[in-house]
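As structure tokens, the structure follows; a few thoughts come after it.
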Amino acid sequence: MKTFFSLVFSLLVALHLSSQEVRTFLEDENRVPRERVVDFTNLKLSVSFDLPKGQVIGTITHDFIVIRHEVTEIVLDAINMEIKAVSLNGVKQDYAYDNKLVTLNFGEPLKVGDQKSIQIEYSATPKKGIYFVGWNDSTNTSRKQIWTQGQGIDNRHWMPLFDDMTDKVISELEVTMPEQYKVLSNGKKLKEKSAKGNNKVWHYKISHPHPPYLIMLGIGEYEIEKRKSGSGVEMSLYYYPGEQHKVEPTYRRSVAMFDYFETIFGVDYPWGTYAQIPVQEFMYGAMENTTATIFGDFYLVDSVEFLDRNYVRVNAHELAHQWFGDYVTARTTTHTWLQESFATHFDMVYQGVAFGDDYFDFVRRGYNQQALDATKNDLRPIAHSQAGTVRHYPKGAMVLNMLKYVVGEDQFNSTIQYYLKKHAYGTVDTEDFLISFYENLGLPLDWFWEEWVLKGGEPHYKVEFEELSDNYRFAVQQIHEQNDLVGLFKMPIYFEVHFKDGSHTSEQVMIEESYHQVNLPIQEGKEVAYVLFDPKNQILKDVTFSKSVEFIKAQAFNAPNTIDRYEALVELRGKLSPEELSKAWNNETYAEMKAEIALHAMIGKTDEQNKQLLASAFASGIPDVEKIILTNINNISSDDKVLYESLLTAQSHYVVEKTLDLLCFYQPLGIETYLKETEDRVGNRSQNVRIKWLEWSYLYTRDEVFVEQLIELLSPRYEFITRTNSASALERLNYMNETGIGYLIDGLFSANSRLRGPMNGTMRHFFGQNRYQLLIRGYILSGDWTDQEEAVLAKFSMR
């Protein structure tokens with residue numbers, strides 16, 4: 001009988017949990033996975049290229065198992081290909097093709113359990129999915145690369161496959177390339193052998209099934225540094241020849257974060273090998289292809305570039321994806337947050353490990369504001385395919401951090417381990433993660449899921465404090481608008497009263513109604529210094545809390561957490577005396593705090609003591625302090641110029657670029673000196689300082705040698721950020737010539753929207769002026785363009 005009741009109870013729990021799979025408060029057309037009739041198990045691709053044409057020539061083999069009772073057709077995704085032959089188990093197969101789908105029709109139905117193999121010979125000249133960089137550069141100076149970007153459904157542009165994240169396969173690629181190039185793909189390299197015609201064949205195979213959108217290629221001229229994780233996993237770190245000095249700063253934390261994630265996830269790295277490869281013209285930050293992360297080469301930095309842009313966050317994000325997304329994969333895009341929010345959360349956590357708790361708290365503060373701003377546009381939940389970048393990334397990361405806060409870090413990590421192991425190499429939806437907390441900890445967290453995952457919005461609390469004769473009273477109201485997608489929020493929140501003797505009292509209360517009174521017992525003989533609602537900002541929220549200036553000042557100077565002191569400082573802008581600012585400057589060590597104090601001093605810079613503080617800020621050598629000064633000035637007086645001139649030799653390339661621009665604008669009599677002092681500074685990979693130097697050199701001398709150099713920086717020889725920066729400078733100078741028009745047009749044909757968009761804007765700028773319009777139209781009319789190129793250029797060839 002006991003066994004019977006246990007069985008009944010288990011069935012009821014299972015029915016309850018399974019019923020949750022259909023819960024939704026905002027309908028999502030992508031909630032249901034794509035129908036499939038077979039299970040694809042293995043994908044083998046043998047591929048070569050016609051490099052000048054950007055053509056893929058391949059033979060792909062799909063092994064599969066029939067999962068329906070009878071199957072009369074199988075459909076594969078294939079965009080604009082030439083299908084040359086199709087066979088089933090080596091026998092020619094009938095098929096239909098409409099430039100989007102290859103449909104195999106079977107005269108005799110396939111039976112459930114049948115194991116079959118489809119082979120397709122094809123060629124393609126894709127516009128998406130695979131990118132050929134530099135092969136048609138007329139100057140023959142660009143890097144020559146091939147790389148892929150399959151997410152979300154772009155691999156179908158260069159190989160025929162069932163392009164859906166639900167159907168995981170073991171992928172195997174044989175790639176033929178000229179021998180001077182290195183080839184990277186997923187998994188272990190099985191062989192690298194010479195072939196006819198000065199070619200090599202590279203053979204890779206992955207160890208376990210993974211989603212087909214993660215199948216990748218990265219090809220170019222590279223050197224490789226090998227490292228090993230603490231658990232013995234081989235790590236291959238790619239870099240460009242001649243840039244060995246960038247390896248240490250770029251990959252500084254790679255091994256440490258690998259070891260850290262294996263520890264906190266409680267699951268060994270699931271793939272055997274791991275590689276990272278920088279590529280030119282990458283339109284995103286990076287991509288977590290299984291075992292082989294691709295990242296934009298703007299993250300391949302030296303020790304000085306590291307000050308303005310480093311790879312640590314992105315590195316951690318893509319590495320976390322090897323577990324969340326690659327190992328355990330969202331069943332549909334409705335559940336994308338199970339990949340992106342998790343990777344963002346754990347990259348945020350690792351930033352705290354790498355740069356300290358204060359850094360972690362300030363990242364959270366920024367994410368909080370991004371979430372609140374997104375809510376002004378719409379109320380979509382994070383578990384929705386159209387939630388948007390802010391909700392899938394920063395808001396989702398904050399939701400996971402709050403979940404950790406609610407259940408406790410150890411229990412959160414324990415459930416992460418349970419969830420990963422239960423769904424190893426499988427697919428999941430949002431409810432699977434919820435169920436993991438119930439099965440692992442016995443915690444029913446439906447209330448948390450409903451308000452933070454399945455619904456949108458954030459709480460807005462109005463808080464008041466008063467000291468009564470027998471208690472300290474906090475009054476809390478939830479004042480945000482409520483509707484079908486945003487209700488009242490239930491969250492445990494700490495209330496703290498801090499006293500002038502340095503002691504404090506606190507209590508955590510579950511706030512869930514529209515109005516709460518929270519009473520803390522009076523502390524006899526103690527005088528209140530300040531109070532805190534949700535110290536350290538654990539809850540994603542908006543807050544209206546009116547406090548006295550005396551309370552805010554006490555918080556600014558005495559709160560134990562840096563982030564709480566910072567919030568008070570922000571409220572006190574324009575309200576602190578020079579003596580108070582000087583005290584704060586001397587007391588604080590964290591860069592963001594010093595930057596905020598420097599901003600206060602700028603507001604009151606007429607005071608002599610504030611001038612001295614600013615001088616200390618300029619002399620601090622802290623890039624974040626220097627940057628906030630430069631982004632908040634509206635003039636540089638003759639009295640101040642010496643301070644700013646000192647930044648022309650700052651470490652940060654951004655600081656030097658910005659300082660040069662501001663000094664030349666506000667102190668034109670010193671332009672010659674400023675240009676002389678910075679003439680040898682190039683800046684980062686995108687030559688930011690050099691471009692600004694050329695711009696001002698032309699304005700000062702009107703010597704066209706400087707704009708000719710800017711024109712050269714527009715050419716395909718350079719990566720896209722250099723080209724767009726140069727285009728912006730030429731727009732400001734309103735200078736263009738025929739060579740530059742050719743380079744702009746080349747950018748219009750780029751697959752990289754981060755190049756194509758700015759180049760289009762620059763072309764429009766010049767096309768709007770009669771003298772340049774004639775030049776542009778003449779260039780276009782004299783050219784020999786393909787039909788696709790003519791379509792792009794049509795808007796510039798006629799009125």
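The values are calculated or read from the model by the stated rules, or taken from the named source; none is laboratory data. Everything quoted here is computed from the prediction, not taken from an experiment. Neighbour counts are summed over all protein chains in view; Cβ atoms, including those assigned to glycine, are modelled from backbone coordinates with ideal geometry. All accessible areas refer to the heavy atoms of the entire protein, side chains included, with ligands and DNA or RNA removed. Shrake-Rupley method; radii C 1.70, N 1.55, O 1.52, S 1.80 Å.
Things to note:
- Estimated at 0.36 nm per residue, the fully extended path between Gln709 and Asn99 surpasses their Cα-Cα distance by 215.2 nm.
- Cross-link partners of Lys641 among lysines (Cα-Cα below 26 Å; sequence separation of 8 or more within a chain): Lys583, Lys594, Lys605, Lys611, Lys627, Lys658, Lys676, Lys692
- Listed residue (Thr333, Ala615, Gly574) projecting farthest to the positive dipole end of the chain, Cβ model: Thr333
- Selection among Tyr122, Pro278, Phe465 by position relative to the dipole of the chain gives Tyr122 as farthest towards the positive end (Cβ unit charges, Cα centre).
- Only Lys, Arg (+1) and Asp, Glu (-1) charged, at Cβ; the chain dipole about Cα centre in debye: 1680
- Ligands, DNA and RNA excluded, the heavy atoms of Ser503 present near 40 Å² of accessible surface to a 1.4 Å solvent probe.
- Alpha-carbon spread of region 453-610, three principal axes, descending order, Å: 55, 41, 22
- Binning the alpha carbon pair distances of region 283-404 at 10 angstrom intervals from zero yields the distribution 14, 41, 36, 9, 0, expressed in whole percent.
- Calculated FRET value between Glu409 and Ser117, using beta carbons and R₀ = 41 Å, to 0.05: 0.25
- Taking 0.36 nm per residue of separation and subtracting the Cα-Cα distance, full extension of the segment from Asn770 to Ser303 would add 163.5 nm.
- Rg then Dmax, both in Å and based on the Cα atoms of region 362-405: 9.9, 28.
- Relative packing of 697-709, 732-744, which averages over residues the other C-beta atoms within 10 Å, highest first: 732-744, 697-709
- Value of Rg/Rh across region 365-488 [Cα atoms, Kirkwood radius]: 1.04
- Whole-Å distance, taken between Cα centres, linking region 704-779 and region 131-163: 24
- Packing-based ranking, highest mean first, of 139-149, 773-783 given that Cβ atoms within 10 Å are counted: 139-149, 773-783
- With helices as the sole contributors, the chain gives -11500 deg cm²/dmol at 222 nm; each DSSP H run of n ≥ 4 counts as -39500 (n - 2.57), and the sum is divided by every residue.
- Cα-based shape type of region 662-799, given that a ≥ b ≥ c are square roots of the gyration tensor eigenvalues and the cut on a/c is 1.5: prolate
- Radius 11 Å from Cβ of Glu695, net charge of other residues (Lys, Arg +1; Asp, Glu -1): 0
- Computed over region 88-128, the Cα gyration tensor eigenvalues convert (square root of 5λ each) into semi-axes of 24, 12, 10 Å, ordered from largest to smallest.
- Taking the Cα centre of region 148-304 as reference, the dipole from Cβ charges on Lys and Arg (+1) and Asp and Glu (-1) amounts to some 460 debye.
- Full extension of the chain between Arg473 and Gln244 yields a length gain of 76.3 nm, computed as 0.36 nm times the residue separation minus the alpha carbon distance.
- Rounded if a/c under 1.5, otherwise prolate or oblate - region 515-602, Cα gyration tensor axes: prolate
- Across region 703-783, the mean sequence separation of Cα contacts (distance under 8 Å, 6 or more residues apart), normalised by length, yields a relative contact order of 27 percent.
- Each of Asn734, Tyr700, Val655 was scored by the projection of its Cα onto the charge dipole of region 651-768, and the greatest displacement toward the positive side belongs to Val655; charges sit on the C-beta of Lys, Arg, Asp and Glu.
- Applying 1/(1 + (r/R0)^6) with r as the Cβ-Cβ distance of Trp447 and Ser514 and R0 = 22 angstrom yields a FRET efficiency of 0.85.
- Computing FRET efficiency as 1/(1 + (r/R0)^6) for Ile603 and Lys53, where r is the C-beta to C-beta distance and R0 is 60 Å, gives about 0.50.
- Its Cα gyration tensor gives region 569-621 an equivalent ellipsoid. The semi-axes, each the square root of 5 times an eigenvalue, are 14, 13, 9 Å from largest down.
- Descending principal axes extents, region 111-225, alpha-carbon based, whole Å: 56, 30, 30
- Highest average packing first - 574-587, 595-608, Cβ atoms within 10 Å: 595-608, 574-587
- Environment charge at Ala374 (Cβ cut-off 13 Å; Lys +1, Arg +1, Asp -1, Glu -1): 0
- At q = 0.19 Å⁻¹, base-10 log of I(q)/I(0) for region 557-674 (Debye sum, equal scatterers on each alpha carbon): -0.97
- Candidate lysines - alpha carbon under 20 Å from Lys196, same-chain residues fewer than 8 apart omitted: Lys182
- Within the shell defined by Cβ-Cβ distances under 14 Å, the residues around Tyr666 carry a net charge of -2, with Lys and Arg each +1 and Asp and Glu each -1.
- Global size of region 196-275 as Cα Rg and Dmax, reported in angstrom: 15.1, 49
- Put the Cα centre of region 284-335 next to the Cα centre of region 615-634 and the gap is 31 Å.
- Vicinal HN-Hα couplings computed from phi for region 112-122 (Karplus, 6.51 cos²θ - 1.76 cosθ + 1.60; Hz; Gly/Pro x): 3, x, 4, 10, 10, 9, 9, 10, 10, 9, 7
- Altogether, the Stokes-Einstein calculation at 37 °C and 0.692 mPa s, with the Kirkwood radius of region 255-342 over Cα pairs as Rh, returns a diffusion coefficient of 237 µm²/s.
- 5 angstrom amide H check on Asn471, placed H, neighbours 5+ away: Ile522
- When you work out D = kT/(6 pi eta Rh) for region 469-515 at 10 °C and 1.306 mPa s, using the Kirkwood radius from C-alpha pairs as Rh and the Stokes-Einstein form, the result is 123 µm²/s.
- Its Cα centre serving as origin, region 334-439 has a Cβ charge dipole (Lys and Arg +1, Asp and Glu -1) of approximately 220 debye.
- For region 75-82, the Karplus equation 6.51 cos²θ - 1.76 cosθ + 1.60, evaluated at θ = phi - 60°, returns couplings of 10, 10, 7, 7, 9, 6, 10, 9 Hz by residue, with Gly and Pro reported as x.
- For the chain, the relative contact order works out to 7 percent when only alpha carbon pairs closer than 8 Å and six or more residues apart are counted.
- Note on the chain: semi-axes of the ellipsoid equivalent to its C-alpha gyration tensor, largest first and rounded to whole Å, are 47, 42, 23.
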